[in-house]
Amino acid sequence: MSAPQTVAGADAPPESGAKHRRAHRGDWILLAWCALLTAAMLGPLAAPGYVLSYDMVAVPDQGLLPSSVGLSSAVPRAVPLDAAVAILDSVLTGQLLQKLALAGIVLGAALGAGLALPTVRTGTRLVAASAYAWNAYVFERLVIGHWPTLIAYAALPWLLILGRRVRRGRTSALAPAVLLVGVSALTPTGGLLAAALFGLLVLVPGGRHPRRVRVAGTVAVLALQAPWIVPSVLRPDPAVSDPAGVAAFAATSDSPLGLLGSLLTLGGIWNEGAVPDSRALPSALALTVVLLALAAFGATELRRHLGRAELVVLTALAAAGLVVAFSSALPGGDAVLEWLVAEVPGGGLIRDGQKFLAWYALLVALAAAAGAARLAGIVARRNPSSVPAQPDRAAARRTTLSAPARRVGGPPGRAGSAGRAGSAAAVALAAALLPVAALPDLVWGAAGRLEPSHYPAAWADVRAAVDAGHGDVVVLPYQPFRRFPWAGDRTVLDPAPRYLDAEVVVPDALPVGDNVVPGEDRRAAEVAAALDADDAAGDLAALGVGWVAVERDTPGTVPDGLLESLESVEINGTFDLYRVPGDIGTWTRIPPAPPVIVADIVFSVILAVASADVARNAFSRRRRSLRSQES
């Protein structure tokens, strides 16, 4: 009796080692799944070129200009993002930087969601990854070009993980969390999404993290918002928006489910051009509702996987995001939003309330994964193959059994365990594929909407000819969006302000449907008036404009008689450049430089310190690992 037991015990690996190998294998499966989702979504980006879609603009070499840090008359909506891109694309090419950023967003979002639920099976992680990375919110924000918002979206599950570790007393998790908040804060919306989640996790009572960690985390999270807050507050003209933008950017119904149903299924963007076609299909609608039902089924299970503080914070933010997105449809909601937008500096951030569904999207993804796990358990228990066969009584009376026989025949009930595992795996795989089946449009570059384009050679000629010392640039037609034949005639924000290595006065009055939402930039409005004046060239020079560029291959108008009063510099019929004669003035109504520069320095120092701490901790862990292996 004892000998066979000794042999069997010698053959069996330690349980901890087996668990480690299973976990390691599960991590690789999750990573492969996330990579597959990323490749299926962004496959067309493997081709050379730049993806141009609505607000998403990439250029070969973006210049580092005063406006990149908020030192211009415009509201700092892309600050300090433009500065970061200008610095990074001096190391990487512009198109490589764009493709790495988009791939990193999708891969990071999927992988983070997959790891956000501790102590769950690999199949459950796959469901969370699919539900978070493959949904209408991601589709619509990608197509409309709000990739900076998606940076914060991808960071949210990682901030949930790091916030959990900080609360458990692992102070080494603070530095990577601060780093992620900083990257998210490259734009105002991203900064709010990330800072709210991690900041609340740090501040909510309870946890084993000391007071100094609470203080340091809160101060860092707030200070990282300074690059866009400081120029917004200190600009000579108030950073408030026209209340007409509330109705223009309000969430709308993009499915037969109505406004609330569209928001609950992570759609509802205001721009109908960014809505996936499948949102109108009954089959896709039914599958989306099934996914939402799966999330509702697993909502109570989240209490088993998330800490109380994590669940409370995430649920509260998800509810807040839904309220903000739906607020314009609530009684009196429009009036409140219009007052905030018109009177509170920075209030314009809430005009497009649908983007704050990011918190809700994370809750839905984790709940759907928990629901899939719960459903898999129910199916496995009801699977007939899971019932162990009756034991062989004759074999039970035997006094000994060789170890090889044990290995070949296996213990009783192994077939049942395999049946249960197979049933659970089938349910998990079906649930992981459900988001893809519910939104097939996201395959292959949003069904062809995200395809690379190439700038005509004339653009490089104009960039080389512009001398920033002669003043700023105005690009005609004087409108924010374009449709170029070489970019598939897709609507895109004018790339010239980022392509040219000079300041460009950008019109910020936004056409939305049949309406135009007035902008906040006083200089842009005065340039618009100057273009229609009798002495347009003289008025432009007084406003600090020394160059006029004309994009000939896009719809729009050029003021009559203006070009005849200018000096021709680069005329190619595609992108023409003219010089404004005479003395060029200077526009001085911009935020004061010293506090803006200090804010950028503080931002950079915090990121540098956090990066150094992350590197130090990684090096220490690696050194301890090597020492343990040697011993």
Please list the non-local residues whose amide H lies under 5 Å from the amide H of residue 54, H modeled 1.01 Å from N, same-chain partners needing a gap of 5 or more.
-> 491, 492, 493
Kindly state, to the nearest 0.05, the FRET efficiency for residue 467 paired with residue 212, given R0 = 60 Å and r defined as their beta-carbon distance.
-> 0.70
Quick one: which residues, 5 or more positions from residue 504 or on another chain, have an amide H under 5 Å from its amide H? H modelled 1.01 Å from N in the peptide plane, none for Pro or chain starts.
-> 473
Taking 515-524, 185-194 and ranking on average Cβ neighbours within 10 Å, highest first, one gets 185-194, 515-524
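May I ask you to compute the full-extension gain from residue 381 to residue 568, defined as 0.36 nm times their residue separation minus their alpha-carbon distance, rounded to one decimal in nm?
Fully extending the segment from residue 381 to residue 568 adds 59.4 nm.
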By average Cβ neighbour count within 10 Å, what is the ranking of 567-574, 144-151, 205-212, 42-49 from highest down?
-> 144-151, 42-49, 567-574, 205-212
Can you tell me the 0 to 90 degree angle between the C-alpha axis of helix 2-11 and the longest principal axis of the chain, rounded to 10?
-> 10 degrees
Hey, of (1) 28.5, 110; (2) 28.1, 96; (3) 26.4, 87, which did the structure itself give for Rg and Dmax of the Cα atoms in Å when calculated?
-> (1)
By average Cβ neighbour count within 10 Å, what is the ranking of 318-325, 298-305 from highest down?
-> 318-325, 298-305
Points 7 angstrom from Cα along the Cβ direction at residue 516 and residue 320: gap in nanometres?
-> 3.7 nm
Helix 333-343 sits off the longest principal axis of the Cα atoms of the chain, rounded to the nearest 10 on a 0 to 90 degree scale, by 50 degrees
In terms of modelled amide H atoms, which long-range or inter-chain residues lie less than 5 Å from the amide H of residue 268?
-> 254
Considering only the other residues whose Cβ falls under 9 Å of the Cβ of residue 250, what net charge follows from Lys and Arg at +1 and Asp and Glu at -1?
-> -1
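Just subtract the alpha-carbon distance of residue 460 and residue 560 from 0.36 nm times their residue separation and send over the number in nm, one decimal.
Result for the pair: 33.3 nm of gain on full extension.
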Projected label distance in nm at residue 308 and residue 616, using a 7 Å step from Cα toward the beta-carbon | 3.5 nm
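Kindly state, to the nearest 0.05, the FRET efficiency for residue 534 paired with residue 609, given R0 = 45 Å and r defined as their beta-carbon distance.
0.20
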Nearest-ten-degree value, helix 282-298 long axis tilted from longest Cα axis of the chain | 60 degrees
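Give the order of 619, 297 when sorted by the count of other beta carbons within 10 angstrom, beginning with the fewest.
Working: 619 10, 297 17.
Arranged by neighbour count, lowest to highest, 619, 297 become 619, 297.
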Quick one: of the DSSP bridges fully inside the chain, what percent are antiparallel, nearest 5?
-> 70 percent
For residue 289 paired with residue 583, estimate the spin-label separation in nm (one decimal), with each label point 7 Å from Cα along the Cα-to-Cβ line.
-> 7.2 nm
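Readers should treat all values here as calculations from the given coordinates under stated rules, not as data from a laboratory. These figures come from a predicted structure and were not determined experimentally. When we count neighbours, we look across all protein chains shown, and the Cβ atoms used for this are built from the backbone with ideal geometry, even at glycine.
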